[in-house]
């Protein structure tokens with residue numbers, strides 16, 4: 001499995017995709033913010049309301065940064081965050097994600113979905129026979145067979161965004177009838193539910209590479225959700241979604257959804273001027289301030305899946321010594337860095353201490369080295385260093401380090417300056433090496449031409465499989481640390497072949513413990529999801545994992 005690397009805010013489909021981002025949006029304020037007591041953010045922060053409490057009718061206007069270049073979100077050009085947001089109300093699948101990040105059955109699309117054999121792994125889906133495409137055609141096994149054909153990587157005519165999971169399937173066959181899908185895997189794929197969360201295409205499209213790749217660049221793909229895209233206004237840069245008349249589930253509360261293309265620079269003022277009903281703030285202090293100028297709006301803050309970290313290159317130099325890496329991890333005040341990023345947008349200084357799970361996610365355990373200068377000193381002494389004056393020396397050579405940062409990326413630079421200040425106070429001078437932002441990953445991070453770097457990883461609700469490439473094997477395209485522990489191979493093989501969720505989490509905890517023993521990087525903080533939403537909007541807003549139920553989104557009655 002290959003992990004995708006991207007430099008924008010892509011949203012990878014499927015199970016196992018982590019995205020590397022160079023500069024997540026954030027505040028650029030001073031680095032002397034006082035840390036606050038750590039508070040666990042909710043996984044979902046939107047206002048919940050039962051169907052009876054939501055008005056029947058109304059519109060919702062949301063902003064996106066760009067028009068879709070391809071409405072097929074499975075294709076590489078359609079695999080973009082704004083396009084996924086636009087298409088989301090028009091699609092769904094046998095599984096949805098609950099508040100805690102766990103896949104659960106979506107009865108609108110399937111009567112049942114379960115593993116019926118472990119050797120070989122066989123998954124059987126019994127589709128809801130009421131589920132149909134926008135033209136009234138039933139959703140059947142043929143659509144799933146076409147999905148496998150188009151996304152398993154065997155036909156180079158297709159350009160899928162990801163083949164993860166699909167490439168592990170050996171066959172997709174009909175069972176008792178056309179609504180009974182039998183999926184046989186060539187090798188165990190524990191994150192199998194992630195293949196069935198949405199984005200399915202009619203077989204006629206998925207069986208045709210030309211239609212799959214290019215047929216839906218200017219027109220929407222057929223809907224299989226509660227809404228359909230009714231109008232694509234390229235001149236006014238507005239997409240209009242209306243209730244899907246063929247939808248078989250509960251009637252959506254909203255009548256119309258508008259996605260209006262507004263540049264990121266203008267989205268704050270558009271929200272302040274009542275042109276948008278919601279605003280994604282992230283950790284942008286300016287947007288936070290702008291949003292507060294609107295009296296009929298509220299701020300929502302949930303946990304996120306984007307996490308910052310410091311990666312240390314262990315292949316050579318001082319950081320090749322595990323005790324030096326432990327010392328660095330102990331001498332950096334992660335709470336201070338989190339406070340600096342989060343408090344300007346009203347979010348608590350939540351830190352992260354698990355290599356696999358996010359705070360609030362089942363399985364999460366904070367095993368991070370606490371900020372402890374005495375412990376850091378003991379680690380350096382174990383590595384053979386001694387305190388000489390204000391610094392540390394070994395065999396007469398002073399311990400000095402560097403952080404490579406991309407130019408003109410304020411959040412990266414700010415974080416690096418805080419690492420520089422903490423280590424400098426401890427007696428390890430740190431030089432900031434500024435390089436062109438466009439070449440940051442290609443010329444420095446990926447080739448390993450650095451001592452320390454700090455960027456962000458973006459994870460998913462299926463983190464065990466997706467995090468493997470960050471640490472194992474040594475030559476993984478996403479392992480930038482220059483080191484691994486060979487025991488991880490067997491542990492991850494066990495985790496990825498374990499179909500029992502509880503047992504799998506226990507193996508993941510073992511993996512987490514092993515990585516903390518050789519500490520190739522240390523997580524700092526998850527970036528919270530911060531939204532401003534117009535008062536009265538319910539069942540939509542800030543969430544870490546939860547699938548939006550678009551039949552319940554609307555305005556409180």
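The values are calculated or read from the model by the stated rules, or taken from the named source; none is laboratory data. Quick caveat: nothing in here was measured; it's all calculated off a predicted structure. Neighbour counts are summed over all protein chains in view; Cβ atoms, including those assigned to glycine, are modelled from backbone coordinates with ideal geometry.
Things to note:
- Whether a residue is under 26 Å from residue 548 (Cα atoms), in a strand (DSSP E or B) and touching a strand residue (DSSP E or B) at 6+ places or on another chain (Cβ under 8 Å) was assessed, and residue 246 does not pass this test.
- Any hit, the range 424-434, residues being surrounded by 14 or more Cβ atoms within 10 Å (Cβ to Cβ) and either modelled with pLDDT under 95 or assigned to a helix (DSSP H, G or I) (or both): yes
- Across the range 317-351, the qualifying residues are those that are assigned to a loop (DSSP other than H, G, I, E, B) and at pLDDT 95 or above, and the one among them that is farthest from residue 411 (Cα to Cα) is 321.
- Flag for residue 235 being free of Cβ contacts under 8 Å to residues at least 60 places away in the same chain, assigned to a loop (DSSP other than H, G, I, E, B) and either surrounded by 23 or more Cβ atoms within 10 Å (Cβ to Cβ) or over 25 Å from the mean Cα position of the chain (by Cα) (or both): yes
- In summary, helices (runs of 4 or more DSSP H) completely within the range 462-557 and bearing 1 or more residues that are in contact with a strand residue (DSSP E or B) (Cβ under 9 Å, 6 or more places away or on another chain) and under 24 Å from residue 97 (Cα atoms) occur at 463-471.
- Test for residue 311: is it within 30 Å of residue 400 (Cα to Cα), in contact (Cβ under 8 Å) with a residue 60 or more places away in the chain, in contact with a strand residue (DSSP E or B) (Cβ under 8 Å, 6 or more places away or on another chain) and assigned to a loop (DSSP other than H, G, I, E, B): no
- The set of residues from the range 360-398 being buried (at least 19 other Cβ atoms within 10 Å of the Cβ), outside any helix (DSSP H, G or I) and touching a helix residue (DSSP H, G or I) at 6+ places or on another chain (Cβ under 6 Å) comprises 363, 369, 392.
- Top-ranked residue in the range 278-309 [being touching a helix residue (DSSP H, G or I) at 6+ places or on another chain (Cβ under 8 Å) and over 18 Å from residue 342 (Cα atoms); ranked as surrounded by the fewest Cβ atoms within 10 Å (Cβ to Cβ)]: 293
- Scanning the range 262-280 for residues that are modelled with pLDDT of 95 or more and within 23 Å of the chain's Cα centre (by Cα) yields 278, 279.
- Residues satisfying the stated conditions in the range 249-261, i.e. outside any loop (DSSP other than H, G, I, E, B) and either surrounded by fewer than 21 Cβ atoms within 10 Å (Cβ to Cβ) or modelled with pLDDT under 95 (or both): 256, 258, 260, 261
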